[in-house]
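To keep things clear, I will list the structure first and then write my remarks on it.
The values are calculated or read from the model by the stated rules, or taken from the named source; none is laboratory data. All values reported here derive from a predicted model rather than from experimental measurement. Every residue, glycine as well, gets a Cβ built from its backbone with ideal geometry; the counts of neighbours run over all protein chains shown.
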Amino acid sequence: MGISERKEREKLDKKQLIRSAAMKMFLEDGYAKTSIRKIADAIEYSPGTIYLYYKDKDELLYDVQHDAFNQLLEAFKTKAKHKDPVKRLMQIGQTYVSFGLQNPELYDLMFIIRAPTNVDEELHKDNGEPTFDYLVDCLKECIDKDLLRMNDVQLCALQTWSVAHGLVSLDLRCRLKVMSADIDKSKVLNSAIESYVKLLIK
């Protein structure tokens, strides 16, 4: 490995260390209570070192969210891979719900707090697009095979995502208390996803 390659590797390793520390603190202490100085202290860097890689906390959050979306994408690839696109669509919805319920703080970081607004997205990786495309590709296959009532893939993807997001958000914000106290929430939410997909099928 040459000097330039070694320096690039060291730079990537430092950025990963910064992102890992930031994610841990965002999840444990909350985004608002976490500062660049606190992150720097946790990894024994100076704040100035972090600013060599990220101009502010918004830009750092953007990269942390990118790592989180990759976790969701890997969950899709592992748990939502049925050959039948309709069954795979159900698996995507149920995997999304399961991911949100099992990772409430991470889900909050990804979807509930405001999205970073002070970021030049041209200089960063697509944030969440590959994860969303996994859903879109499944819906395209369903539509190409004439399996769904809808034929607008983007509208269908938005609607499907909204249903799954709504279910997770209601639970994470403790809004399902209006339902019977003895219900199995996970089972009910998965059944809701299944019922929704069945409404889409011709």
Filter pass, residue 13 being closer than 27 Å to residue 184 by Cβ, more than 15 Å from the chain's Cα centre (by Cα), surrounded by fewer than 14 Cβ atoms within 10 Å (Cβ to Cβ) and among the acidic types (Asp, Glu): no
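Condition test on residue 139, is it touching a Lys or Arg at 6+ places or on another chain (Cβ under 9 Å), assigned by TED's automatic domain parsing to the domain that holds residue 69, at pLDDT 95 or above and of a type outside the set (Ser, Thr, Tyr)?
In short, no.
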Residue check for residue 93: at negative phi and in the same structural domain as residue 133 (by TED's automatic domain parsing): yes
Selected residue (criterion: surrounded by the most Cβ atoms within 10 Å (Cβ to Cβ)) from residues of the stretch 158-188 that are under 15 Å from the mean Cα position of the chain (by Cα) and small (Gly, Ala, Ser): 164
Residues that are assigned to a helix (DSSP H, G or I), out of contact with any Lys or Arg (no Cβ under 7 Å at 6 or more places or on another chain) and surrounded by fewer than 18 Cβ atoms within 10 Å (Cβ to Cβ), drawn from the stretch 23-58: 24, 28, 29, 37, 38, 41, 42, 48, 49, 51, 58
